[in-house]
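S.K.: Encoded as structure tokens, here's the structure I'll be asking about.
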Amino acid sequence: MHILLTNDDGIYAPGLRALRQELLSLGRVSVVAPATEQSAVGHSITLLTPLIVQPVHDVDGSLLGWAVEGKPADCVKLALVELLDETPDLIVSGINAGSNVGINVLYSGTVAAAIEGAFFGITSIAVSLEYRDPVQLDFAEAARWARRLIVQLLEKYRGSGRLFNINIPSLDAGPPKGVRVVPQGIVRYREQFQRRTDPRGRVYFWSMPELVPLQTTPDTDVTALAEGYITLTPLHFDLTDYRHLETLQRDFTTPGHR
Ligand code: MN
């Protein structure tokens, strides 16, 4: 099996290293990842600057992968169209430092990379690890959990082109309570900005959203992760609101000329 591994924290991020180590037991792993951190860039792509690509070598001198001066979605496109010698069987994005649940799924570069893989019809999985300040992230243990879930998903969904979002709870309070298959939460978080003044007297702001949702809807990725479960959510990227499609088709006809 050939796996494409990417992320949004950059090719040198410890979460990617840990996951690569585990995925190597499943087959060949090619890494194509951003040269620098690209968290919360969502599904951005690079059109106005060159996508400089450089090989990155492991400590033993072997090729670890390719660092791309671009976004996570650029990395997946470049890997599939230009860099890899064959189409991978699976694309994995992560492990991200910090969860990607609720509406944050839509800001996530980690998830965007997996979505890009699904655009190409390849089974794609985003993996994130919850971060609770000031605890150290245990990527090695999270990667072992991720591998177990990925193996299970592959048994059923290898070659399906399906898209999955996995979140692993902070492991400082012990192992996860289990795995829950849950929908994405849609509640808003409290937006906060720190207002500061720079040395030249100009006002600037620093985005500091609180990662506590304003209300809680039970049985979503947000609540299950907070309760200590690994969350597994099937995603799709068709944004059509099918509940209202038919009504809108009925209500609207081509405007006539007057
Ligand atoms: Mn990130």
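What follows draws every value from the coordinates through simple rules; no lab data is involved. Bear in mind that the values here come from a model prediction, so they are computed numbers and not experimental data. When we count neighbours, we look across all protein chains shown, and the Cβ atoms used for this are built from the backbone with ideal geometry, even at glycine.
S.K.: Rounded to whole Hz and in sequence order, give me ³J(HN,Hα) for region 170-176 from the Karplus expression 6.51 cos²θ - 1.76 cosθ + 1.60, θ = phi - 60°, writing x for Gly and Pro.
M.R.: Karplus values, whole Hz, x for Gly and Pro: 3, 8, 5, 9, x, x, x.
S.K.: If r is the Cβ-Cβ distance from TYR157 to ASP219 and R0 is 22 Å, what FRET efficiency results, to the nearest 0.05?
M.R.: Calculated value: 0.45.
S.K.: Around GLY70, which amide H atoms from residues at least 5 apart in sequence, or from another chain, sit under 5 Å from its own amide H, with H modelled in the peptide plane?
M.R.: ALA35, THR36
S.K.: Given axes a ≥ b ≥ c from the Cα gyration tensor, I'd like to know whether region 126-250 is rounded (a/c under 1.5), prolate (a/b larger than b/c) or oblate.
M.R.: Cα axes put region 126-250 in the oblate bin.
S.K.: Quick one: Karplus J couplings for region 187-204, per residue in order, coefficients 6.51, -1.76, 1.60, θ = phi - 60°, nearest Hz, x for Gly and Pro?
M.R.: 7, 7, 9, 6, 7, 9, 10, 8, 9, 9, 10, 7, x, 9, x, 8, 7, 9
S.K.: Further question on the same structure: Tally Lys and Arg at +1 and Asp and Glu at -1 over the other residues with C-beta under 13 Å from the C-beta of MET208: what net charge comes out?
M.R.: 0
S.K.: Can you give me the long-range amide H partners of VAL187? Hydrogens built in the peptide plane at 1.01 Å from N, cutoff under 5 Å, separation of 5 or more residues or another chain.
M.R.: Here ILE103 satisfy the definition.
S.K.: So for region 58-129, what are the equivalent ellipsoid semi-axes in whole Å, largest first, each being the square root of 5 times an eigenvalue of the Cα gyration tensor?
M.R.: Working through the eigenvalues yields semi-axes of 21, 16, 11 Å.
S.K.: Also, I was wondering about something else. What's the magnitude of the charge dipole for the chain around its Cα centre, counting Lys and Arg as +1 and Asp and Glu as -1 at the beta-carbon? Answer in Debye, nearest 20.
M.R.: My answer is approximately 500 debye.
S.K.: For TYR229, what charge total do you get from the other residues with a beta carbon under 13 Å from its beta carbon, if Lys and Arg give +1 and Asp and Glu give -1?
M.R.: Working: positive: LYS177, ARG180; negative: GLU130, ASP219, ASP221, GLU227.
Net charge in that neighbourhood comes out at -2.
S.K.: Enter the Cα centre distance for the pair region 169-198 and region 37-116, rounded to the nearest angstrom.
M.R.: Region 169-198 and region 37-116 have Cα centres separated by 22 Å.
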